[in-house]
Amino acid sequence: MSATGTPSDNPVGYIQHHLTNLCVGDCDPVTGGFWAWNIDTLFFSWLTAGILIYISWKVGKNLSLEKPTGLQNVMEAVVGFVQDQIKSIFPGTNPIIGPLALTIFIWVFLMNAMDLIPVDLLPSLGQMIGIPTLKVVPTTDLATTFGLSLSVFALIIYYNIKIKGPIGYLKMFMFHPFAASNIVVKLILMPINIVMTAIEELAKPVSLGLRLFGNMFAGELLFLLIALLSFSWLAGVGQVLLGGMWAIFHILVISLQAFIFMLLTIVYLAMAHSTMDDH
């Protein structure tokens, strides 16, 4: 039940209500700009980050080789899984890649998992204490997914410059993807290479951000559409069955999206550590 009425009374308003962030600042949907703060996105992303920190602290505090806890076994399995992905993709060693990949995988998974909470539960509780709108899943907000992807993109640029050097990084734009030995052909291909490489580099954060956002937004929207079935007892039974089936399938979706985001991060950073000869 939302401020817009029951789902059957006003389905469009119901969906719009659940897809509207709790925003402060310049929140106009048409003219709103950089200074729009989605408070719910910030709260739930920080909440899941806090859960990750607590789990890590808890496992580290009670670490035992003789009698490992169930939580320790789970974390060891996740760490081993991430390490296997890094070993198969990343060239050489870098002390930041392992912690970064592990943090991304678990944090994105936890943010995605907020989608498994019944769609009306937290917004209804929020309305009881005077919160008009509440969007629970941080990864259904473009600000979250692009914030993550741009952070990865900053690391990509940093390691490109660190490994290749500033001149080597510029050469990558000028002589990649089309190489030539003849100086005249090089000059002719240079504008094409610059455009192609720039598009290739900019596509990395865009693909990371949009892929995660698109899949999670579509999953949230499907939960809302299933919630619209509650207009009769028979439809209510169908709602429970469909909702349960989609929730079970959605566990795979949220895990897969966290894995893909982590995997592409490792791949892009591996590419940043490569040289022109590797290209």
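Determine, yes or no, whether Ala203 is on the phi < 0 side of the Ramachandran plot, small (Gly, Ala, Ser) and in contact with a Gly (Cβ under 8 Å, 6 or more places away or on another chain).
So Ala203 does not fit the description; no.
Would you say Thr140 is polar (S, T, N, Q) and within 22 Å of Leu42 (Cβ to Cβ)?
Considered against the rule, which asks whether it is polar (S, T, N, Q) and within 22 Å of Leu42 (Cβ to Cβ), Thr140 comes out as yes.
Suppose we filter Leu252, Leu222 for residues that are within 21 Å of the chain's Cα centre (by Cα), farther than 18 Å from Trp107 by Cβ and modelled with pLDDT of 90 or more; which single one remains?
On inspection, the qualifying residue turns out to be Leu252.
Please tell me if Ile53 is touching a helix residue (DSSP H, G or I) at 6+ places or on another chain (Cβ under 6 Å), part of a helix (DSSP H, G or I) and at pLDDT 85 or above.
no
Mind checking which residues of the range 22-50 are modelled with pLDDT of 85 or more and among the polar types (S, T, N, Q)?
Within the range 22-50, Asn38, Thr41, Ser45, Thr48 meet the criteria.
Could you grab me the full set of residues in the range 97-108 that are surrounded by fewer than 20 Cβ atoms within 10 Å (Cβ to Cβ) and in contact (Cβ under 8 Å) with a residue 24 or more places away in the chain?
Thr103
When only residues in the range 3-21 that are of a type in the set (Val, Ile, Thr) and modelled with pLDDT under 65 count, which is surrounded by the fewest Cβ atoms within 10 Å (Cβ to Cβ)?
Thr6
Scanning the range 173-213 for residues that are touching an Asp or Glu at 6+ places or on another chain (Cβ under 9 Å) and assigned to a helix (DSSP H, G or I), which turns out farthest from Leu269 (Cα to Cα)? Explain how you work it out, then say what you get.
Within the range 173-213, the subset touching an Asp or Glu at 6+ places or on another chain (Cβ under 9 Å) is 173, 176-177, 213.
Cutting the leftovers down to assigned to a helix (DSSP H, G or I) gives us 173, 213.
Working: Phe173: 17, Phe213: 21 Å.
Filtering the range 173-213 for residues that are touching an Asp or Glu at 6+ places or on another chain (Cβ under 9 Å) and assigned to a helix (DSSP H, G or I), the one farthest from Leu269 (Cα to Cα) comes out as Phe213.
For the range 131-185, what are the residues that are of a type in the set (Gly, Ala, Ser), more than 21 Å from Ile97 (Cα to Cα) and over 26 Å from the mean Cα position of the chain (by Cα)?
Gly168, Ala179, Ala180, Ser181
Could you please find all residues in the range 153-206 being without any contact (Cβ under 8 Å) to a residue 24 or more places away in the chain and in contact with a Phe, Trp or Tyr (Cβ under 6 Å, 6 or more places away or on another chain)?
Scanning the range 153-206 gives Ile161, Leu189, Asn193, Ile194.
With the checklist (1) at pLDDT 95 or above; (2) over 27 Å from the mean Cα position of the chain (by Cα); (3) among the aliphatic types (A, V, I, L, M) in hand, flag the one item Ile194 doesn't pass.
(1)
Since Ser64 meets every condition but one in (1) over 29 Å from Phe213 (Cα atoms); (2) assigned to a helix (DSSP H, G or I); (3) small (Gly, Ala, Ser), which condition does it not meet?
Against the list (1) over 29 Å from Phe213 (Cα atoms); (2) assigned to a helix (DSSP H, G or I); (3) small (Gly, Ala, Ser), Ser64 comes up short only on (2).
Tell me whether the range 161-171 contains one or more residues that are touching a helix residue (DSSP H, G or I) at 6+ places or on another chain (Cβ under 7 Å) and buried (at least 20 other Cβ atoms within 10 Å of the Cβ). Outline the logic, then answer.
Looking only at the range 161-171, we keep the residues that are touching a helix residue (DSSP H, G or I) at 6+ places or on another chain (Cβ under 7 Å), and these are 161, 163-164, 169.
Now narrow it down to the ones that are buried (at least 20 other Cβ atoms within 10 Å of the Cβ): none.
No, every residue in the range 161-171 fails to be touching a helix residue (DSSP H, G or I) at 6+ places or on another chain (Cβ under 7 Å) and buried (at least 20 other Cβ atoms within 10 Å of the Cβ).
Only residues that are under 22 Å from Leu228 (Cβ atoms), assigned to a helix (DSSP H, G or I) and hydroxyl-bearing (Ser, Thr, Tyr): list them for the range 109-141, please.
Result: Ser124, Thr140.
The values are calculated or read from the model by the stated rules, or taken from the named source; none is laboratory data. Being a predicted model, the structure only gives us computed values, none of them experimental. Cβ coordinates were reconstructed from backbone atoms using ideal geometry, including for glycine residues, and neighbour counts include every protein chain displayed.
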